[in-house]
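The values are calculated or read from the model by the stated rules, or taken from the named source; none is laboratory data. None of the values given here were measured: they were computed from a predicted structure. Don't worry about glycine lacking a Cβ; one is built from the backbone with ideal geometry, like all the others, and counts go over all protein chains shown. Side chains are part of the model used for accessible areas, which takes the heavy atoms of the whole protein and leaves out ligands, DNA and RNA. Shrake-Rupley method; radii C 1.70, N 1.55, O 1.52, S 1.80 Å.
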Amino acid sequence: MRQLGVGVLGAHQWADMAHLPGYAAHDRANLIAICDVVEARARDMADKYHIPHVFTDPHELIGHPEVEMVDVCTPTDTHLPLSFAAIEAGKHVLSEKPLARNAADAFRVAKAAEDKGVRTKLGFTFRYSPAIRQLHAWIHDGTLGEIFHVHGLEQNSQFLDPTYPLRQVSADADRSALIPSSIVGYGSHLVDLLRWCAGEFGHVIGSMHNYIPERLVRGYEGMQRIPVDDGTVALVKFASGAQGMLQTSYIAVGNYPGVEVRVYGSKGAAVARLVEEFGVAETLHFATPDEVEFKPVTLPDTAFPPGTDVHTPWAELYYRNLVRHFVDEILDDAPPECTFYDGAKSQEIVDAIVTSHLERSWVTLPVHTKG
Ligand SMILES: NC(=O)c1ccc[n+]([C@@H]2O[C@H](COP(=O)([O-])OP(=O)(O)OC[C@H]3O[C@@H](n4cnc5c(N)ncnc54)[C@H](O)[C@@H]3O)[C@@H](O)[C@H]2O)c1
């Protein structure tokens, strides 16, 4: 069987929880190399997942002749340069979100991949939830009819306790003003889900707020005054005319990942709830105008990656599906999905929500003419 040679950059928590189990479980993927600037981390993961080559220099991994696809699972500020380097070397790339700190850079790297003829995938985990994929199918096959309203949440209590160290802040962030954070970290996923379900955004207006002003921050001693947005709400007018509402929160009581998408159409409504509770990763409910009580929907085994079911921990369930899709897309020359371009579009919308907050007015999209 033809296998795709994969090299993973970054060998820490998320690589171990999500990316590496995905490749290890897929028989068409061959984990060739792992790299971390902290050598012990790379060695631990190499032992755990039986990976033959270990590097501390990402450029050596990227240049390895057997590595056909590079997976960037490193901190945010490294995603852009490492993705550019992999593209330049002619390798397919999967990058964690966000791709860049601003949409212009994200569009640039998407264009570089297109020019080089390599494939890309953005780590938008929740597109690969079986419940979300079913909801998306119901929208696009007409089951839900004309779409009127789309609501999205990504909220959980990850940072409700201020002594749980925040890591999503860049070292040079200006602390004298509100620092966009939940809308960047959580919002990039949520905005992508809403765009995937309801199409392009036409206008947005949002409001960001800091509720917990002092926290521990990874890399700093003691409590820090760090005014991140730990809660954001936004209204959306989609290009189709549909209405949307979204909320991101670091401090809303509830479990991970705390994603919910509700879609209301002329023929039906569906609610996908991705909140791990009592050993169940997600639920899906459906209602029609004739039977308005929402009923639970049980998806067939084929909706789940082999060896998983609704009781598989969410990070592993969704990422096994995501990496399997990317490896198969490359090997089968299948239509691309969830690319760097989608990452750039999501970033453009997140930037617009931040601008709307600062200017206290609606922002019209697209902002970037090439977007
Ligand atoms: N898609 C999702 O749902 C989701 C969830 C969690 C985390 N993430 C993202 O995944 C990424 C990794 O998350 P994490 O929690 O494991 O982060 P982390 O900071 O704990 O680990 C990143 C690792 O990368 C290594 N590293 C740093 N620079 C490097 C370089 N230039 N080359 C090679 N290795 C380098 C670090 O030493 C560290 O071991 C982050 O971008 C994070 O935002 C995404």
Using only the alpha-carbon atoms of region 123-273 as identical scatterers, what base-10 log of I(q)/I(0) does the Debye formula give at q = 0.11, 0.12 Å⁻¹?
-0.46, -0.53
Coil-residue GluC sites (Glu not before Pro) of region 178-241, DSSP, other Cβ within 10 Å capped at 11
Glu221
Mind ordering 351-360, 140-149, 155-164 by average Cβ neighbours within 10 Å, highest first?
351-360, 155-164, 140-149
Counting other Cβ atoms within 10 Å, keep those with at most 11, restrict to DSSP loop, and tell me which chymotrypsin sites (Phe, Trp or Tyr not before Pro) in region 52-109 are left.
none
Output the Kirkwood hydrodynamic radius of region 1-129, Cα pairs only, in Å rounded to one decimal.
14.5 Å
Restricting everything to alpha-carbon atoms, can you work out Rg to Rh for region 325-371 with a Kirkwood hydrodynamic radius?
1.22
Taking a point 7 angstrom from the Cα of Lys267 along the C-beta vector, which residues in region 117-154 have backbone N less than 12 Å away?
138-147
Radius ratio Rg over Rh of the chain, counting only Cα atoms, Kirkwood formula for Rh
0.95
With a Cα-only, solvent-free Debye model of region 198-257, what are the log10 I(q)/I(0) values at q = 0.18, 0.30, 0.31 Å⁻¹?
-0.76, -1.13, -1.16
How far apart, in nm, are the 7 Å Cα→Cβ label points at His209 and Glu114?
4.0 nm
How do 15-21, 331-337 rank on mean C-beta neighbours within 10 Å, highest first?
15-21, 331-337
Expressed as a whole percentage, what fraction of the accessible surface of the chain belongs to carbon and sulfur atoms when a 1.4 Å probe is rolled over the protein heavy atoms?
53 percent
With a 1.4 Å probe and every protein chain left in place, work out the accessible area per residue of region 168-278 in Å², rounded to a whole number.
41 Å²
Based on Cα positions only, what radius of gyration and what Dmax would you give for region 66-187, in angstroms?
17.7, 49
Report the normalised scattering of region 184-230 as log10 I(q)/I(0) at q = 0.22, 0.24, 0.28, 0.31 Å⁻¹, calculated by the Debye formula with identical scatterers on the alpha carbons.
-0.84, -0.91, -1.06, -1.15
If we restrict to alpha carbons, what Rg and Dmax does region 1-74 come to, in Å?
10.8, 34
Are there any trypsin sites (Lys or Arg not before Pro) in region 62-169 that are in a DSSP loop and have at most 15 other Cβ atoms within 10 Å? List them by number.
Arg167
So, how do all the Cα-to-Cα distances of region 97-148 break down into 10 Å bins, in percent, from 0 on up?
21, 30, 30, 19
D (µm²/s, integer) via Stokes-Einstein for region 225-277, Kirkwood Rh across alpha-carbon pairs, 25 °C, 0.890 mPa s: value 183 µm²/s
As a test of reading the structure, rank Lys237, Lys48 by solvent-accessible area (1.4 Å probe, protein chains only), most first.
Lys48, Lys237
What distance in nm separates the simple spin-label points at Leu235 and Asp290, each placed 7 Å from Cα in the Cβ direction?
3.6 nm
Given only helices, namely DSSP H runs of n ≥ 4 each adding -39500 (n - 2.57), what is the per-residue ellipticity at 222 nm of the chain, to the nearest 500 deg cm²/dmol?
-9500 deg cm²/dmol
Rg (one decimal) and Dmax (whole number) from the Cα set of region 148-201, in Å, equal 14.2, 42
Quick check: convex hull over the Cα atoms of region 288-351, volume per residue in Å³, rounded to an integer?
185 Å³
Label model pair Ala137, Phe84: point-to-point distance (7 angstrom along the Cα→beta-carbon line) in nm is 4.1 nm
For region 234-371, what D do you get in µm² per second when you plug the Kirkwood radius from alpha-carbon pairs into Stokes-Einstein at 37 °C and 0.692 mPa s?
181 µm²/s
FRET efficiency, Ser170 to Glu60 (Cβ-Cβ, R0 25 Å, nearest 0.05)
0.45
How large is ³J(HN,Hα) for each residue in region 270-280, as worked out from phi by the Karplus curve 6.51 cos²θ - 1.76 cosθ + 1.60 (θ = phi - 60°), to whole Hz, x for Gly and Pro?
9, 10, 9, 10, 9, 10, 6, 9, 6, x, 10
For region 1-42, report the convex hull volume of the alpha-carbon atoms normalised per residue, in Å³, without decimals.
55 Å³
